[in-house]
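Student: This is the structure, below, for whatever I ask next.
The values are calculated or read from the model by the stated rules, or taken from the named source; none is laboratory data. Every value quoted in this text rests on a predicted model; they were computed, and no experiment measured them. Backbone-built Cβ (ideal geometry, glycine too); neighbour counts: all protein chains shown. These accessible areas exclude ligands, DNA and RNA; they are computed on the full protein's heavy atoms, side chains included. Shrake-Rupley method; radii C 1.70, N 1.55, O 1.52, S 1.80 Å.
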Amino acid sequence: MKQIGNSNEDMLALLEAVVGIKNELLYIREYFHPLLKGEIYLSGEQICQMLHISKRTLQQYRDDGLIPFIKLERKILFRESDIIKILEDNYQR
């Protein structure tokens, strides 16, 4: 392992490496979700972005029973597999 000296170049290189790692961690936190028994759960905001719909439209779909959801206390989650199945079932050629 290379020892870091006191030069400005070494410090700048170290700072760039730390910033790069930070950006990668932020990306992972944003786009990768842990699996629960092989299932990915998405938030309402993620579903709205995925389907290009508003929060109100998503609420209406939930009220009408078009999209299944899970409610944990005050948090509402959607199984990714349920959303994909709905899209596949309603795909018209």
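Student: Cβ contacts < 9 Å: first residue over 12 Å from LEU36 (Cβ atoms), restricted to the stretch 72-84; second residue open to solvent by 60 Å² or more (accessible area, probe 1.4 Å) and in a helix (DSSP H, G or I), any location; separation 6+ or different chain. Result?
Tutor: ILE83/MET50
Student: How about the chain: which helices (runs of 4 or more DSSP H) wholly inside it have at least 3 residues that are surrounded by 13 or more Cβ atoms within 10 Å (Cβ to Cβ)?
Tutor: Working: elements: 8-31, 44-51, 55-63, 80-89.
Qualifying helices (runs of 4 or more DSSP H): 44-51, 55-63, 80-89.
Student: Please name all residue pairs, on different chains or six or more residues apart, with Cβ atoms under 7 Å, provided the first residue is in the stretch 49-63 and is free of Cβ contacts under 8 Å to residues at least 12 places away in the same chain and the second residue is surrounded by 11 or more Cβ atoms within 10 Å (Cβ to Cβ).
Tutor: Cβ pairs passing all conditions: SER54/CYS48; LYS55/GLY44; LYS55/CYS48; TYR61/ILE67.
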